[in-house]
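S.K.: Sharing a structure below in structure tokens format, with a few things to ask.
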Amino acid sequence: MPGVNTFRSLFGWMMGFVALVWVWTVALMVAWPNHETSVWAPGHRIAATCADGEACSAPVATPAEATAKGRYKSLLPPEPFGEVQEADAWLRWKTATGKPWQIEATRSSWHFQTTVRYRLDGDTPVLVEVGGYDLGLFFYALPLAVLSLLAIWLSGRSKS
């Protein structure tokens, strides 16, 4: 039955393509570089201690103003590591020793991740490094998977 064998072959190639997209996406995530910068983006958030003493996230755009109004006790998180759920993402942080930064905060959802490494000079957060990726990384992985699949197919043809 040629129909069954054709289906098996196409199904195998499609599953190979899906696996290669996954492999290339993970490889690009690992290899995606961080950038040293001192310029905060408007959407960056950092870990802080809220007025009630609990961990929360603070927008970097107005930390001094929010602290002065009493919304935050401190821009230093209450614990050395932890996480806070926001409306659209999770903010995870950990403190670092022996590095140019004091705190590493990662804000992520199912379609993006942004990591900021910063230190506090008094009540002023100073950005040291930023890195991140979003769903666009998947669109880099697609052509790489197609090229990989084509290379596998061509290498199989050359052996026969």
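S.K.: Extension gain Leu135-Val30, at 0.36 nm per residue separation less the Cα-Cα distance, in nm?
M.R.: The span from Leu135 to Val30 would gain 36.3 nm if fully extended.
S.K.: Here's something else I'd like to know. Hey, what does the equivalent ellipsoid look like for the chain, semi-axes from the Cα gyration tensor as sqrt of 5 times each eigenvalue, largest first, whole Å?
M.R.: Numbers: eigenvalues 428, 52, 27 Å².
Each semi-axis is the square root of five times an eigenvalue, giving 46, 16, 12 Å.
S.K.: Select from the range 83-158 those chymotrypsin sites (Phe, Trp or Tyr not before Pro) which occupy a DSSP coil region and have at most 12 other Cβ atoms within 10 Å, ordered by residue number. Mind showing how you got there, number by number?
M.R.: Working: sites: Trp90, Trp93, Trp101, Trp110, Phe112, Tyr118, Tyr133, Phe138, Phe139, Tyr140, Trp153; in loops: Trp101, Trp110.
Those satisfying the criteria are Trp110.
S.K.: Rounding to the nearest 10 and keeping the result within 0 to 90°, find how far the Cα-based axis of helix 136-159 lies from the longest principal axis of the chain.
M.R.: With both axes taken from Cα atoms, the answer is about 30 degrees.
S.K.: Assign unit charges at the C-beta atoms only (+1 for Lys and Arg, -1 for Asp and Glu), then state the dipole size of the range 35-136 relative to its Cα centre in Debye, rounded to the nearest 20.
M.R.: Rounded to the nearest 20 debye, it is 120 debye.
S.K.: Now a separate question. Kindly put Leu91, Leu135 in sequence by how many other C-beta atoms sit within 10 Å of each C-beta, fewest to most. Mind showing how you got there, number by number?
M.R.: Details: Leu91 23, Leu135 9.
By the 10 Å Cβ count, ascending: Leu135, Leu91.
S.K.: Here's a follow-up. In deg cm²/dmol and to the nearest 500, what is the mean residue ellipticity at 222 nm of the chain if only DSSP H runs of at least 4 residues count, each as -39500 (n - 2.57), divided by the residue total?
M.R.: Taking each H run of at least 4 residues, the total per residue is -13000 deg cm²/dmol.
S.K.: Which order results if Phe17, Phe7 are arranged by neighbouring Cβ count within 10 Å, fewest first? Could the numbers behind the result be given before it?
M.R.: Details: Phe17 15, Phe7 11.
Lowest to highest Cβ neighbour count: Phe7, Phe17.
S.K.: For Arg71 and Glu83 in the same chain, what is the full-extension length gain: residue separation times 0.36 nm, less their Cα-Cα distance, in nm?
M.R.: Values: separation 12, 0.36 × 12 = 4.32 nm, distance 1.87 nm.
Gain on stretching Arg71 to Glu83: 2.5 nm.
S.K.: Write down, largest first, the equivalent ellipsoid semi-axes of the range 112-160 in whole Å, where each equals the square root of 5 times an eigenvalue of the alpha-carbon gyration tensor.
M.R.: After diagonalising the Cα gyration tensor, the semi-axes are 45, 10, 5 Å.
S.K.: Once the Cβ-Cβ distance between Leu147 and Asp52 is put in as r, and R0 is 41 Å, what FRET efficiency do you end up with, to the nearest 0.05?
M.R.: 0.15
S.K.: For the chain, find the longest principal axis of its Cα atoms and tell me its angle to the long axis of helix 2-31, 0 to 90°, nearest 10.
M.R.: Helix 2-31 sits roughly 30 degrees off the main axis of the chain.
S.K.: Shifting gears a bit: What lysines does Lys73 reach when the alpha-carbon gap must be under 29 Å and sequence neighbours fewer than 8 apart in one chain are set aside?
M.R.: Filter leaves Lys94, Lys99.
S.K.: With the contact rule set at Cα under 8 Å and sequence spacing of 6 or more, what percent relative contact order holds for the chain? List each step's numbers first, then the result.
M.R.: Values: 250 pairs, mean separation 35.9, N = 160.
It rounds to 22 percent for the chain.
S.K.: Give the residue list of GluC sites (Glu not before Pro) in the range 34-134 that are DSSP loop and have at most 15 other beta-carbon atoms within 10 angstrom.
M.R.: Glu54, Glu86
Rule-based calculations on the coordinates, nothing more; no lab input. Because the structure is predicted, anything quoted here is derived from the model rather than measured. When we count neighbours, we look across all protein chains shown, and the Cβ atoms used for this are built from the backbone with ideal geometry, even at glycine.
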